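Reviewing the structure listed below.
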Protein chains: 2
Amino acid sequence: MQADHVIRALSALAQEHRLAAFRLLVQAGEQGVAAGVLAEKLDVPPSSMSFHLAQLANAGLVTHRRESRSIIYSADYTAMNGLMGYLTENCCAGMSCSEDAACLPSPERKTA
Amino acid sequence: MQADHVIRALSALAQEHRLAAFRLLVQAGEQGVAAGVLAEKLDVPPSSMSFHLAQLANAGLVTHRRESRSIIYSADYTAMNGLMGYLTENCCAGMSCSEDAACLPSPERKTA
DNA sequence: TCCATATTTCTATATTTGTCGAATCATTGG
DNA sequence: CCAATGATTCGACAAATATAGAAATATGGA
């Protein structure tokens, strides 16, 4: 992951509503959350939510799929891992989180 | 570390020059780097560099001390750890970097 | 004290970002 | 095909951010 991409990811997360949305998506796991649900939960008008989700998508942090009338967003754990990797490698003093430590795609979890 | 603070930290890093500066500061370790040196290395006018360093300082990611005529900036590893901690806990799927994994303050290193 | 160096603050300006209603597009059910 | 639902795009505007020269503020040396 290169600096340019990292900056987009950081910018994407550096905003109240987007950080909150991303957190919800991470909690939701693979199944994801519909745009409208996010808008409602975060108390943000649909058009604004759409704007923010587009930014997250542009940064590669989320993916989306249509499901009937809804568009379901889900967190992209690989991208998040990439970001974390960059930060630990470049913005921490050398070592830290080991190779195998990573953002896991909520594998067998079903709680949230 | 709470969301509000996290957002300021992310915003601080979400900028080309600031990310680059922070990386240099992390590499430099405890001894830090003078504002002017950063400005020169990044090819940014002093006033602009000052602006960016103020943002990093405001986000708590760097500290500064005067040393003769220079003002030396250094990365605050504790703050960076806090940020990483928040991200792993809230933006990754549950577990990942274990408790002991962290951004170390370049302990006995002297290379850079 | 006077000058040079190192930085910051001030000021103005250009650019980017966030907001949100209205209009538009896609999908489903009747 | 038409209406209803869920979401995005458009457009206008407000607010925050980035840039950088000029002026102001420390510090150290002659």
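The values are calculated or read from the model by the stated rules, or taken from the named source; none is laboratory data. Here the structure is a predicted model, which is why all the values come from computation and not from measurement. Quick reminder, even Gly has a Cβ in these numbers, built from the backbone with ideal geometry, and neighbours come from all protein chains shown. Accessible surface areas use protein heavy atoms only, side chains included; no ligands, DNA or RNA. Shrake-Rupley method; radii C 1.70, N 1.55, O 1.52, S 1.80 Å.
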Quiz prompt | Search result, residues across segment B:29-39 that are within 8 Å of DNA strand C (Cβ to nearest atom) and out of contact with any helix residue (DSSP H, G or I) (no Cβ under 7 Å at 6 or more places or on another chain) | solution = B:ALA34, B:VAL37
Quiz item: What number of residues within segment B:87-103 are modelled with pLDDT under 65, at the interface with chain A (Cβ under 7 Å from one of its Cβ atoms) and surrounded by fewer than 20 Cβ atoms within 10 Å (Cβ to Cβ)?
Solution: 4
Quiz prompt | A:ILE72 being in contact with an Asp or Glu (Cβ under 8 Å, 6 or more places away or on another chain), within 16 Å of DNA strand C (Cβ to nearest atom) and not aromatic (Phe, Trp, Tyr) | solution = no
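Can you say whether B:ARG66 is open to solvent by 70 Å² or more (accessible area, probe 1.4 Å), within 10 Å of DNA strand C (Cβ to nearest atom) and among the basic types (Lys, Arg), as far as the supplied structure shows?
Details: open to solvent by 70 Å² or more (accessible area, probe 1.4 Å): yes; within 10 Å of DNA strand C (Cβ to nearest atom): yes; among the basic types (Lys, Arg): yes.
Judged against the criteria, B:ARG66 is a match.
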Quiz item: Residues B:LEU38, B:LEU42, B:LEU10: which one is on the phi < 0 side of the Ramachandran plot, in contact (Cβ under 8 Å) with a residue 40 or more places away in the chain and open to solvent by less than 40 Å² (accessible area, probe 1.4 Å)?
Solution: B:LEU10
Quiz item: If the Cβ limit is 6 Å and pairs must be 6+ apart or interchain, which residue in segment A:66-85 that is over 14 Å from A:LEU24 (Cα atoms) pairs with which residue that is within 16 Å of DNA strand C (Cβ to nearest atom)?
Solution: A:SER70/A:ALA34; A:ILE71/A:ALA35; A:ILE71/A:HIS64; A:ALA79/A:GLY60; A:ALA79/A:LEU61; A:LEU83/A:ALA9
Quiz item: Just checking, which of A:MET1, A:MET84 is more than 8 Å from DNA strand D (Cβ to nearest atom), part of a loop (DSSP other than H, G, I, E, B) and either under 27 Å from B:ALA20 (Cα atoms) or open to solvent by less than 30 Å² (accessible area, probe 1.4 Å) (or both)?
Solution: A:MET1
Quiz item: When the residues of segment A:52-63 are filtered to those that are more than 6 Å from DNA strand D (Cβ to nearest atom) and farther than 12 Å from A:ALA9 by Cβ, which remaining residue is surrounded by the most Cβ atoms within 10 Å (Cβ to Cβ)?
Solution: A:HIS52
Quiz item: Being away from chain A (no Cβ under 14 Å) and either farther than 23 Å from A:GLU89 by Cβ or within 11 Å of DNA strand D (Cβ to nearest atom) (or both), is that true of even one residue in segment B:14-32?
Solution: no
